[in-house]
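The values are calculated or read from the model by the stated rules, or taken from the named source; none is laboratory data. Only a predicted model underlies this, so the values are computations on that prediction, with no experimental measurement involved. Here the Cβ positions follow ideal geometry from the backbone for every residue, glycine too, while neighbour counts run over all protein chains shown. Quick note on the areas: whole protein, heavy atoms, side chains included, nothing else; ligands and nucleic acids left out. Shrake-Rupley method; radii C 1.70, N 1.55, O 1.52, S 1.80 Å.
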Amino acid sequence: MANESAFYNPYSYPVTEKFISINGEGQRAGQPAVFIRFRRCNLNCSYCDTRWSCVSNAPCEFLPAEKIVDFIRKSGVHCVTLTGGEPLLQSHLKELLQSLSAIRDLHVEIETNGSLPIRSYCSLSCRPDFTLDYKLPSSGMEKHMLLENYEYLRTGDTVKFVAGSTEDLLRMEAVNKKYRLDQKCRVLVSPVFGQIDPAEIVDFLITHHLAEIRLQLQLHKFIWDPDKRGV
């Protein structure tokens, strides 16, 4: 991200965790990243693994933008992932993105659940890359997906499907075909941890000729305990 002139941001943000680890998923899986996790989410997915951070009264620090920027800058890491909860619920997120643009060569990614609009972020000079979920039937949240978001995708963005059943995989195939997602951005499919064998997903991709969709495992759940926080 290009270095820009100093921008004063007077706002604070409800951060439940900030830590340095590797990206467990997305286009930069395996690469060291700083994670800033915000509290509160508007969905309630059946397989949510950060439910503790999704409630409106989750314990958090209200961190001023300057402290978030300072933490990232001192880390020496050139990627930051804004996650949650749901980052797009945070007030003054655009101002935070502008503050982050002062860090030279920083790559900013937002992990979002797919139910909230990304349009207003896509014209920013400091536009982040998005990892955008599509909630499949087993999540219980498919009805909340905001499909107009797919108009604003670019090659640096990702649509991520988390599948727990054959029904989920068939729905993934239909959504990808209807919106031509694999022609616009990176498309990934991950198993709901412990619910479906990754080999079943591989077989599905091969037999259905989905050559542009990639299987991705959540690396952090194999490196550390699946329930461990801060990794």
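Taking the stretch 131-146 as the search range and keeping residues that are outside any loop (DSSP other than H, G, I, E, B) and out of contact with any helix residue (DSSP H, G or I) (no Cβ under 7 Å at 6 or more places or on another chain), which one is most open to solvent (accessible area, probe 1.4 Å)? Only one residue tops the list, namely K143. Every test in (1) touching a Leu at 6+ places or on another chain (Cβ under 8 Å); (2) at pLDDT 95 or above is passed by P137 save one, and that test is (1). Considered as a group, the residues in the stretch 157-206 that are part of a helix (DSSP H, G or I), β-branched (V, I, T) and more than 18 Å from S138 (Cβ to Cβ) include one that is least open to solvent (accessible area, probe 1.4 Å), and that residue is V202.
Residues in the stretch 103-115 that are within 15 Å of S75 (Cβ to Cβ) and over 12 Å from the mean Cα position of the chain (by Cα): I103, R104, D105, L106, H107.
For L116, the criteria (1) farther than 26 Å from P191 by Cβ; (2) in contact (Cβ under 8 Å) with a residue 24 or more places away in the chain; (3) outside any strand (DSSP E or B) hold in every case but one, which is (1). Among the residues making up the stretch 45-90, those that are touching a strand residue (DSSP E or B) at 6+ places or on another chain (Cβ under 8 Å) and among the hydroxyl-bearing types (S, T, Y) are Y47, T50, S53, S75, T81, T83. Can R154 be described as of a type in the set (K, R), under 18 Å from the mean Cα position of the chain (by Cα), exposed (fewer than 14 other Cβ atoms within 10 Å of the Cβ) and at pLDDT 95 or above? Yes; evaluated as a whole, the condition is true for this residue. Residue pairs whose Cβ atoms lie under 9 Å apart, sitting 6 or more positions apart in sequence or on different chains, and linking a residue in the stretch 87-106 that is of a type in the set (V, I, T) to a partner that is at pLDDT 95 or above and open to solvent by 40 Å² or more (accessible area, probe 1.4 Å), are I103/R73; I103/H78.
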